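Q: Here it is, the structure in full.
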Amino acid sequence: MAISVKRLALATALITPAAAVSEPSCIADAIVVFDGSASMAKTGPGTGDQTRIVLAREAMRQAMPEIELYRRLGLVIYGPGGQAKSCDNVDPRFPPIPDAAQRIIGAVDTLKPDGNTPLTAAVRSAADALNYTEQPGVVVLVTDGRETCGGSPCALGAELAARAADLTVHVIGFQLQPDSKGHPSFRPSNEVYKADCLAEQTGGKTVTTETVNELVDALRETLACPVVSFLR
């Protein structure tokens with residue numbers, strides 16, 4: 001299989017055999033589950049007139065070209081597709097492929113946020129695309145809020161933990177919105193909607209972010225090998 005010059009050069013310069021052995025998850029396929037719901041078109045606190053989607057696009061532009069050097073990446077988007085079926089709008093754009101950065105960036109750049117937040121169904125779609133019962137994989141959920149379509153992240157997290165060969169789900173909150181009682185959206189008053197259950201039950205990380213730089217760092221932390229930090 002052909003290896004791109006940039007991939008081979010960077011791997012030769014930075015990755016030692018010891019690192020490869022100690023970080024087997026660095027080579028597992030991964031899928032980004034990206035929140036394209038209507039709230040991503042709104043502004044967060046302290047961001048002026050820049051909407052969440054504008055800021056998230058910039059973070060993806062910065063992070064994805066680095067991350068694609070270390071693993072194959074895929075993309076699932078949820079939200080857009082029309083209000084009539086806004087809870088059914090889970091769009092598996094493509095499975096893990098090499099050199100996926102520009103496809104991911106292009107998809108997010110042309111995204112028009114709309115609809116609700118069926119994040120549980122979207123994560124399940126990503127897990128299925130990774131063939132999670134048979135092989136290792138990583139899912140990274142980027143969301144600005146909680147499940148709003150009746151799914152149970154906690155129940156799915158338990159199912160994935162019980163059935164997966166080796167699946168890790170990381171949850172990145174970006175400018176999280178509070179629920180109706182003022183709770184941060186990862187931990188609403190109704191426990192069934194806790195998005196961070198997905199990480200807790202699969203050994204992943206839950207990271208909350210507010211700025212472009214924080215979102216970039218979270219993507220690097222959850223998707224890239226430790227050597228990525230040497231590039232900064």
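The values are calculated or read from the model by the stated rules, or taken from the named source; none is laboratory data. A quick note: this is a predicted structure, and the numbers were derived from the prediction, not measured. Cβ placement follows ideal geometry from the backbone for every residue including glycine, while neighbour counts extend to all protein chains displayed.
Every residue, every condition in (1) buried (at least 17 other Cβ atoms within 10 Å of the Cβ); (2) farther than 25 Å from L160 by Cα, yes or no:
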site	(1), (2)
V32	yes, no
D35	yes, no
I105	yes, yes
P113	yes, yes
A121	yes, no
R124	yes, no
A127	yes, no
T133	no, no
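Q: Quick one: how many residues across the range 137-163 are crowded, with 24+ Cβ neighbours inside 10 Å and farther than 21 Å from C87 by Cα?
A: 2
Q: Among the residues of the range 206-226, which ones are over 20 Å from A100 (Cα atoms) and touching a helix residue (DSSP H, G or I) at 6+ places or on another chain (Cβ under 6 Å)?
A: Passing the criteria: T206, V207, T209, V212.
Q: Name the helices (runs of 4 or more DSSP H) wholly within the range 1-114 that hold at least 2 residues that are modelled with pLDDT under 85 and either more than 17 Å from the chain's Cα centre (by Cα) or closer than 16 Å to V142 by Cβ (or both)?
A: 5-14, 17-22
Q: In the range 120-145, how many residues are over 11 Å from the mean Cα position of the chain (by Cα), among the hydroxyl-bearing types (S, T, Y) and closer than 16 Å to Y78 by Cβ?
A: So the count comes out to 2.
Q: Out of A122, A129, report the one residue that is farther than 28 Å from T211 by Cα and in contact (Cβ under 8 Å) with a residue 60 or more places away in the chain.
A: It is A129.
Q: Provide a single number: the residues in the range 99-142 that are β-branched (V, I, T), over 23 Å from A155 (Cα atoms) and in contact with an Asp or Glu (Cβ under 7 Å, 6 or more places away or on another chain).
A: 0
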